[in-house]
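Structure record follows, encoded as structure tokens.
The values are calculated or read from the model by the stated rules, or taken from the named source; none is laboratory data. No experiment lies behind these values; they were computed from the predicted model shown. Using ideal geometry, Cβ is built from the backbone for each residue, glycine included, and neighbour counts are taken over all protein chains shown. In case anyone asks, the SASA skips ligands and DNA or RNA and just uses the protein heavy atoms, side chains included. Shrake-Rupley method; radii C 1.70, N 1.55, O 1.52, S 1.80 Å.
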Amino acid sequence: MPAQIYYPFTALNFSNRNCFLTGQALSSDEEKIQVFPQWLMSRYNLENQPLKMLDESMATYKDLKIPCSAQINETFLEPLEAEMAAAFEMGYDGVKTLDDIKLFQWAGKLLYGIIFNEIQTGIRQQRAQGEEFNISQSIIHKFSNLHLMLQSINLPLVFDGFKPYSIFLFKVDNNIDEFYYRDEINTLTFSLRIKDFGLIICLQDNGANRKYHKEVRDKIGEAILHPIQFEEFCGRVFYSAYLFNRLPEYNVLPAGEDIYVEAMPLRGMSSKPLFDDWINKTYGQVLESFWKNWGFLLFEIIKNPEQPMSFLFDRDGNLVNGTTIELSR
């Protein structure tokens, strides 16, 4: 009998009595795991650091937990975390050796854990006001597909001829104790800058953003980036993820003991490009946010509307050597 996929969004089941990954009933509300793994929180002293939620309320990193069966945690998640911790400790060279499916699973579990907490809060707030929980169908579609893909952690799920994600990994000349995390839930985009690397993952684009930025990514190659250069590339990817205008569709096909996931063509019935038009003023606003640490303002960034400020490339389109950039960190 093929393994059974769990679909929590069908009945909006976000109870602490069910495992987030399998839906199986738990013995108590206390059977939980941390969203941000303990090894990461301990390394960067994150436990009591503030984290802003979508409703503008503040939580701490250690506050974010998800219900998870002890068996699932011990059998699947703890080994995944141990592999990630060892690779991350080695830095760029360690992370580069990881199977990118593992990176996707790890980042996806983290981002889904945040989503789970956001949905729980939303359900509580709307019920307290006597209202039914309301969430857009397109968002449910994205979140549900992400959860489906995450079950590759514990089920024999096979991505048939495609990868549901785009991953970008760079060498970055970071301050050794710096921890910089960012996510965008609506587009399911994730970035992390620590040690000597920067990592960006678009979790539900079937590789579209990887193709969209291929020319820029190839120009960078193995160069060591200044942090502001990495944040510039982050800005490009987060903005293109916003411009991506498809909702990927999948066929799920059980075959023997395995479950095959087949991606439907992104172009579908539409002749419209996969990405909406790039608008430099909007991109400049994104960059202003990503460059907040360095204090650049929108009017400086788009002083030339046809060629926004860049630390990655000079006026002739050549890659800037990160060691020549003199900015305080």
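Here are the numbers for this structure:
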| read-out | value |
| --- | --- |
| Qualifying residue in the stretch 142-153 (condition: closer than 19 Å to Phe230 by Cβ, more than 13 Å from the chain's Cα centre (by Cα), open to solvent by 10 Å² or more (accessible area, probe 1.4 Å) and of a type in the set (A, V, I, L, M, F, W, C)) | no |
| Which listed residue is open to solvent by 20 Å² or more (accessible area, probe 1.4 Å), touching a strand residue (DSSP E or B) at 6+ places or on another chain (Cβ under 7 Å) and over 25 Å from Glu118 (Cα atoms), from Lys195, Lys219 | Lys219 |
| Residue in the stretch 110-132 that is under 30 Å from Glu222 (Cα atoms) and either open to solvent by 40 Å² or more (accessible area, probe 1.4 Å) or at pLDDT 95 or above (or both) present | yes |
| Those residues of the stretch 255-274 which are over 13 Å from Phe159 (Cβ atoms), open to solvent by less than 50 Å² (accessible area, probe 1.4 Å) and at pLDDT 90 or above, in sequence order | Leu274 |
| Residues of the stretch 21-57 satisfying the condition of being touching a helix residue (DSSP H, G or I) at 6+ places or on another chain (Cβ under 6 Å), among the aliphatic types (A, V, I, L, M) and closer than 23 Å to Leu148 by Cβ | Leu21, Ile33, Val35, Leu54 |
| Among (1) in a helix (DSSP H, G or I); (2) more than 29 Å from Phe197 (Cβ to Cβ); (3) modelled with pLDDT under 95, the one test that Thr323 misses | (2) |
| Filter result for Ile279 (in contact with a Leu (Cβ under 6 Å, 6 or more places away or on another chain) and aliphatic (A, V, I, L, M)) | no |
| Answer from Phe168, Phe190 - the residue that is under 14 Å from Val95 (Cα atoms) and open to solvent by less than 10 Å² (accessible area, probe 1.4 Å) | Phe168 |
| Output for the stretch 54-78, where each listed residue is outside any helix (DSSP H, G or I), open to solvent by 20 Å² or more (accessible area, probe 1.4 Å) and closer than 17 Å to Ser28 by Cα | Lys65 |
| Count - residues of the stretch 286-298 that are assigned to a helix (DSSP H, G or I), over 21 Å from the mean Cα position of the chain (by Cα) and without any contact (Cβ under 8 Å) to a residue 24 or more places away in the chain | 1 |
| Criterion violated by Ala208 - all others in (1) open to solvent by less than 30 Å² (accessible area, probe 1.4 Å); (2) under 21 Å from Glu232 (Cβ atoms); (3) in contact with a helix residue (DSSP H, G or I) (Cβ under 8 Å, 6 or more places away or on another chain) satisfied | (3) |
| Residue in the stretch 41-53 that is in a loop (DSSP other than H, G, I, E, B), acidic (Asp, Glu) and open to solvent by 50 Å² or more (accessible area, probe 1.4 Å) present | no |
| Every pair of residues 6+ apart whose Cβ atoms lie under 6 Å, when the first sits in the stretch 208-226 and is charged (D, E, K, R) while the second is surrounded by fewer than 18 Cβ atoms within 10 Å (Cβ to Cβ) | Lys219/Leu319 |
| Those residues of the stretch 302-329 which are open to solvent by 80 Å² or more (accessible area, probe 1.4 Å) and within 26 Å of the chain's Cα centre (by Cα), in sequence order | Arg329 |
| From Tyr242, Tyr283, residue being touching a Phe, Trp or Tyr at 6+ places or on another chain (Cβ under 7 Å), in a helix (DSSP H, G or I) and of a type in the set (Phe, Trp, Tyr) | Tyr283 |
